[in-house]
Structures are given as C-alpha cells and as structure tokens.
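K.L.:
After the structure tokens below, expect a handful of questions from me.
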Amino acid sequence: MIRVQTLTLAFLFIVTLSVFGQNASQFVIKGNVADKQTGETLPYASVFLANTTVGTVSNHQGDFVLNVPKSGSYDLIIKFAGYKTFTQSIQFFEPQTIVVTAKLDVDTRQVSGVTVMAKKDEKWRRNLEDFKIGFLGTSPFAEQCKILNEEVIDFYFDEENNIFEAFASEPLIIENKALGYKIKYVLEGYYVYFNEKYSSYWGYPSYEELRGDKRPKARWLKNREIAYLGSVDHFFSSLFNNNLKKDGYVVQMARDIEGKRYLDRNELDLYQFVKPGATENSKRLEFEHILYVTYTKELVSEEMGSVINVSKVPVSGNKQRSQFYLLEGKTFIEFEKNGYVYNPLDYLVADYWAIEKMGDLMPIDYINTRSTDK
C-alpha cells in the first residue's frame, strides 16, 4: 500500500500459526509450494496474508493451510529465500476452501546501470539512516521501531536518472515497541526520485504480537487505537460505511492552476464521487484534482507538527490534515469495508499521512477493542 510526499504503501507481518491451523474456519486456503522449473517442493516457506496477523509456514513437503477468520479480499504472499515473491489475490465472499498451487521462480534479478553501495562503510550507514526515516517515518511511534536485521539492506544509485534505491536480500524484521508488533516485511521496492521530489516504497508485511506483561499490553492497545483512528485505512473504512462526519472527517477539494493551488473552503460532499465497485464487497472513489482530508478528533502533537512539511494552503487549528491525489492516467481508488484498497499504487498521499509510515501502520484485520468496550 503506498503514500507520498514520501510515498508509502504499503502493505504487514506474520503470526506463526500451526501449519495446519487448529481452529475451524469457514474460509480456508490450502496448497503447496514448489520450484517452478524443477517441481521440487519448498519446505518452510513463509505463507501469509499481507497486512494481517494471519500466517504460517509450509511443512517439510511444501504443504500449507491457512484458516482465515473472516470474509474479504486478501493478498496471499509466499516467500522463500532465493526465489521471487509469489502473490495471489484471494477473495472470500462465502464459506469455501481455495486451493493454491504456488510455483516459485528463482530470483535472477540483475541490477545494471547503477552504482552499488553494498559495502557497510560510513556512506552505507548514512544511507541506512536516510532509509529508516523514509521507511519507518518520523512519528513518536516510529521512534520506538527498530529494524533487527539492518545488514540485509543494500543501496543503489542510478546516476543517469537520479534515482536512489534500497534492496533487502531477506525480509526485514521490525520490532515496534510502541504498538506491540513484530513485523516481517518483504520489501519489493524503495525509490527516491530526486528529480520529481518524492519517494515511494512498497512490499508485503505480516504481524506478530510481541510478548509483554499486562501494563505494556494496555499501552499497546491505547497506542494502536491512536495509530488507527485518522489513518488511511480508517478513512476509507469510514467512507465505505458512510460515517465520515460521525468519525470526524472533513474533506475539501483543491486545484492546481498555473503553478498555484486553490482550495475550496467549503466542505465537499465526497459521497457524490463514490460508485459501486467491481465486486459486491467494494466501492470506487472517482475524482479529479486534490482532496484535503482533515481529521478533527485528534490534534497534531508538537513532535509531529515539527516534522510535517505543511503545504502553503492554510487550514484552521492544528488538526491532522492530509491530502491525496490520483497518479496520471488513474481515475479511481477501489476499497472495501475494512479500508482495504485494491490499487494502492494508483494514488499518492502527502502531509500527515505521508509522515505516518511503517511505524504507525496497523494490520488490516485490526479490531478496535477499546472502542468496542466503551
């Protein structure tokens, strides 16, 4: 799933469930993992649903079973060292078992026309610090994140096109002590486009709960609620369920004309741009220009306010304000009830949402139990 200014996408980690799952489920994914060329089965491959806490590993024969807790759309991800990432869109509209035959290609990707900076010297360490800012973010929660295997990250610079890249030879292991998650992130791409003045990254994360005593767990629940409310996922879930006003969102439209931005001060009726989606479970937001989204139920903290690159279009107060727009040639964003977006690479975000990166990203299957219990 993606965002901008420094774009993000993005996408979260793996709970290691039993290979064959011990809880009965109406929604089941089962299959086998093998080498596409030789047919040899691949044992202990990571198998998970991106951006959720649902995952497992293939057994010694390459077989796996995932029990999915509820209906919806998911990205099935299978990763094995030395092979390209296997992805398949999965949709459960009714109880069923979906069988997947995963044939993995050997990763023979060659990097050409770029300068490789794989040596772990002072320059590598400077690039690493820049990468962590662009990947984890700069929020108070991001400050409590740590990449546990930094040594698997290498950097490349395309001098001809002025593009900086980061690669990871293995999934990144991230410990988020603010939200109580251990995240495995399969990094598919990280780019800084210096000429265009934005960056983007995308990949497939899965989540696992950190262990902690009662007090840290209570803190994690509170922080998770803070991270989720006002987020991109929360916004699209609220839009799907016709709850924008109730949930505290105000939307305005802006236009760029001859290098200047003009903001319509009136609140926009965003529902006029919402159309039926390609499936019975999805909707589409079709719009032009730039949408400004203000979340009124939480103020911008002093820490966040000092790092947000606020645009020249003023807003009242110190509410959380973000903006997003479609990339050239794209006409809509398609999303589901839980905030899952089908085409996260088709739009960019800026301002507050751009600051909140991996350090604030929540799994798509998150349930706000604190609000439920109130």
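K.L.:
Evaluate E = 1/(1 + (r/R0)^6) for residue 148 and residue 255, where r is the Cβ-Cβ distance and R0 equals 56 Å; express this FRET efficiency to the nearest 0.05. If you can, show how the numbers build up before the last one.
P.N.:
On the way: r = 45 Å, r/R0 = 0.80.
Plugging the Cβ-Cβ distance into 1/(1 + (r/R0)^6) gives 0.80.
K.L.:
Expressed in nm to one decimal, what extension gain is obtained for the pair residue 81 and residue 215 from 0.36 nm per residue of sequence separation less their Cα-Cα distance?
P.N.:
On the way: separation 134, 0.36 × 134 = 48.24 nm, distance 3.74 nm.
So the extension gain works out to 44.5 nm.
K.L.:
Mind checking which aspartates and glutamates have their C-alpha under 18 Å from residue 297, skipping anything on the same chain fewer than 8 residues away?
P.N.:
Output for residue 297: 225, 233, 247, 267, 351, 356, 360.
K.L.:
With every protein chain present, what is the per residue accessible area of region 27-106 (1.4 Å probe, Å²)? Mind dumping the intermediate values first?
P.N.:
Values: 3330 Å² over 80 residues.
In whole numbers, region 27-106 has 42 Å² accessible per residue.
K.L.:
May I pose another question? Put a dot 7 Å past each Cα toward the Cβ at residue 160 and residue 368; how far apart are the dots in nm?
P.N.:
For the pair residue 368/residue 160, the computed spacing is 4.9 nm.
K.L.:
Now for a separate question. Can you put 283, 182, 260 in order of accessible area, largest first, using a 1.4 Å probe? Don't skip to the answer; put the middle values down first.
P.N.:
Numbers: 283 50, 182 75, 260 130 Å².
Greatest to least solvent exposure: 260, 182, 283.
K.L.:
Follow-up. At 0.36 nm per residue, and after removing the present C-alpha to C-alpha distance, how many nm does the segment from residue 99 to residue 337 gain when stretched out fully? Present the calculation step by step, with values, prior to reporting the outcome.
P.N.:
Numbers: separation 238, 0.36 × 238 = 85.68 nm, distance 2.52 nm.
The span from residue 99 to residue 337 would gain 83.2 nm if fully extended.
K.L.:
Counting pairs on different chains as well as pairs 8 or more places apart, how many Lys pairs in region 109-209 have Cα atoms under 15 Å apart? Please report the intermediate quantities before stating the final value.
P.N.:
Numbers: 123/132; 132/146; 146/177; 146/182; 146/184.
Lysine pair count for region 109-209: 5.
The values are calculated or read from the model by the stated rules, or taken from the named source; none is laboratory data. Here the structure is a predicted model, which means the values were calculated and not measured. In this analysis, Cβ positions are derived from the backbone assuming ideal geometry, glycine residues included, and neighbour counts consider all displayed protein chains. Keep in mind that these areas ignore ligands, DNA and RNA; they rest on the heavy atoms of the full protein, side chains included. Shrake-Rupley method; radii C 1.70, N 1.55, O 1.52, S 1.80 Å.
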